[in-house]
1. Could you put Leu107, Leu72 in order, starting from the residue whose Cβ has the fewest other Cβ atoms within 10 Å?
2. Could you sort 78-86, 116-124 so that the peptide with the highest average Cβ count within 10 Å comes first and the rest follow in order?
3. In nm, give the distance between the simple-model label positions of Leu127 and Ala104, each being 7 Å from the Cα along the Cα-to-Cβ direction.
4. Using modelled backbone amide H atoms (1.01 Å from N, in-plane), which distant-in-sequence or interchain residues come within less than 5 Å of Ala147's amide H?
5. Figure the gain on full extension for Asp54 and Ala156 (residue separation times 0.36 nm, minus the Cα-Cα span) and round it to one decimal in nm.
6. For the residues Ile71, Ile87, what sequence is obtained by ranking on other C-beta atoms within 10 Å, fewest first?
7. If you add up the charges near Asn170, with Lys and Arg at +1 and Asp and Glu at -1, over every other residue whose beta carbon is less than 12 angstrom from its beta carbon, what do you get?
8. Determine, for each peptide in 46-57, 138-149, the mean count of other beta carbons within 10 angstrom over its residues, then list the peptides with the highest first.
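Throughout, read-outs are computed from the coordinates displayed, never taken from laboratory work. Since we're looking at a predicted model, the values are computed, not measured. As a convention, Cβ positions derive from the backbone with ideal geometry for all residues, glycine included, and neighbour counts pool all protein chains shown.
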Amino acid sequence: MSNNTSIFVKFIRVMRILNTMLRRGTNAITGCGRVYIPFFVVITGQACSLKCRDCVNLTPYAPPHTMRYDILKILDTLRQILSLSVIDVLQIQGGEAFLYPNLAGLLEFVLENKAVKRVVIATNGTLMPNVGLDLLRNPKLSVRISAYEHLSRKSAELKQYLDSNNVTNNMYSFASGIGRVWKLKM
């Protein structure tokens, strides 16, 4: 079984759990009869502009066929999940989300879907967006820039670009220091 297949098998398992929760009337049910999911992550693939030795997603060690996941499978899986649920925050990440060639189509889908309340794009801050400003300016969307200490110049350039174009964004600092906690490098 390929990694792509196993990932989608896991998504199907999640769908079955959601369906079971709906039938049992769990406390996570919203007033509209859907399961409330406070935070949900969509991983677009393992392609990344960094090769951090201690990557929590193990991106530098990922096999080549996991670099970019099939957009049609992602959208189909999301359709199934969103037919049963309401998602407060849906985070899109990779690898590096701005390397995903189908990011615009994914954004259009989740931004137009009323079952998704807010969308966050997680980026390492090394690349400028590969999607139009019209999508990035959507009031449901924000860009979360990981503030790696040694990439502060690139992150600052991205933040300035987003700020100057009225795109909601924030810097997120969870790791710092080359060689202290994480072995980060480009």
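1. Working: Leu107 22, Leu72 10.
By the 10 Å Cβ count, ascending, the order reads Leu72, Leu107.
2. Values: 78-86: 17.8, 116-124: 21.1.
For the peptides 78-86, 116-124, the packing ranking is 116-124, 78-86.
3. Here the answer is 1.5 nm between the modelled labels.
4. Amide H to amide H, under 5 Å and 5 or more residues apart or across chains, Ala147 pairs with Tyr172, Ser173, Phe174.
5. Values: separation 102, 0.36 × 102 = 36.72 nm, distance 2.33 nm.
Gain on extension, Asp54 to Ala156, equals 34.4 nm.
6. Working: Ile71 16, Ile87 24.
Going from least to most buried by this count: Ile71, Ile87.
7. Values: positive: Arg144, Lys159; negative: Asp163.
Here the count lands on +1.
8. Working: 46-57: 16.2, 138-149: 18.3.
Result, highest mean Cβ count within 10 Å first: 138-149, 46-57.
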